[in-house]
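Here the structure is laid out as structure tokens; the discussion comes afterwards.
What follows draws every value from the coordinates through simple rules; no lab data is involved. Since we're looking at a predicted model, the values are computed, not measured.
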Amino acid sequence: MSNKIIELKNVNKIYKTKAEEIHILKNINLSFSKGNFVSIQGKSGSGKTTLLNILGLLDVPTNGDMFIDEKKINYKNEKIKNRIRNEKIGFVFQFHYLLNEFTALENVMMPALINKNFDKKEVKERALELLDLVGLSERVKHKPLELSGGEKQRVAIARSMINNPEIILADEPTGNLDTETSLVINNLFKKINEEKKQSIIIVTHSLELANLAEYKYKIEKGEFNKVL
Ligand SMILES: Nc1ncnc2c1ncn2[C@@H]1O[C@H](COP(=O)(O)OP(=O)(O)O)[C@@H](O)[C@H]1O
Ligand SMILES: [Mg+2]
């Protein structure tokens, strides 16, 4: 029995600008299983965000195929694509993108309320559990401006989990945090992976964060390879 959660086959991404064509991802093949904790390293401009956006169905490859739960993504069907993204994928970005006028609790609940599949009371209970998991039970009524950088990122991590995604994608989640706070976030990802068995794919240029992962990869000159 196979338990592949996400797979790319011969994926290329070429950006065409007026002046030139940039071949940013070259024939990428990858396959991750359920519960894998994966890190992807690479210099600035190497294509990390591009790859993560493709994995998260926020961007489309120039050519090649992608599979989630062994089903091929049909990029022409926006509706199904959006449903898969909402149901199966959680995002943590470098900038937290929390809504300043809402509390931590409301921010965490938001993606589930948009989803409409869930009962509001249940969503609230789960949001409180997630805020507890990330160590913020004392901050649920705080608004983003009343939280520290690390706390905001922890709210964003709780938010990424509200729809109970099978995959969490994190794009340089500690890029704007000091070393000490980064460590707290790193340990949190590890804990989530161990306790919740969700697949986590983290793009980072922090060696410390990359080394926490059981599967380490890098992008260099458009090529995707295992770090030995
Ligand atoms: N929409 C776009 N059009 C043209 N070039 C782009 C576009 N998005 C990103 N790029 C270029 O592709 C390269 C990779 O970008 P990105 O994936 O954001 O890298 P990273 O996240 O590793 O820093 C960069 O050189 C960037 O300028
Ligand atoms: Mg990036």
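Provide the three semi-axes, in whole Å and in decreasing order, of the ellipsoid equivalent to segment 125-170 as defined by the square roots of 5 times the Cα gyration tensor eigenvalues.
Result for segment 125-170: semi-axes of 18, 13, 7 Å.
Consider all pairwise Cα distances in segment 89-168 and report the whole-number % of them above 20 Å.
That tail contains 20 percent of the Cα-Cα pairs.
Compute the length gained on full extension between residue 114 and residue 184: take 0.36 nm times their separation in residues and subtract their Cα-Cα distance, giving the result in nm to one decimal.
Length gained, residue 114 through residue 184: 22.3 nm.
Within the chain, which complete DSSP H helices have Cα atoms spanning at least 24 Å along the helix axis and a mean Kyte-Doolittle hydropathy of 1.6 or higher?
none
Given all pairs of different Cα atoms, what value in angstroms does the Kirkwood hydrodynamic radius of the chain take?
About 18.1 Å for the chain.
Go ahead and set up a Gaussian network model of the chain, Cα springs under 10 Å, then flag whichever of 166, 194, 214 fluctuates most.
The residue that fluctuates most here is 214.
Suppose we take every Cα in segment 1-52 and form the convex hull; what volume per residue is that in Å³?
81 Å³
Evaluate the Debye formula for segment 1-110 with equal point scatterers sitting on the alpha carbons, no solvent, and hand back log10 of I(q)/I(0) at q = 0.10, 0.12, 0.13, 0.18 Å⁻¹, in q order, two decimals.
Listed by q, the Debye log ratios stand at -0.36, -0.52, -0.60, -1.04.
When the convex hull of the C-alpha atoms of segment 106-228 is computed, what volume per residue in Å³ does it have?
124 Å³
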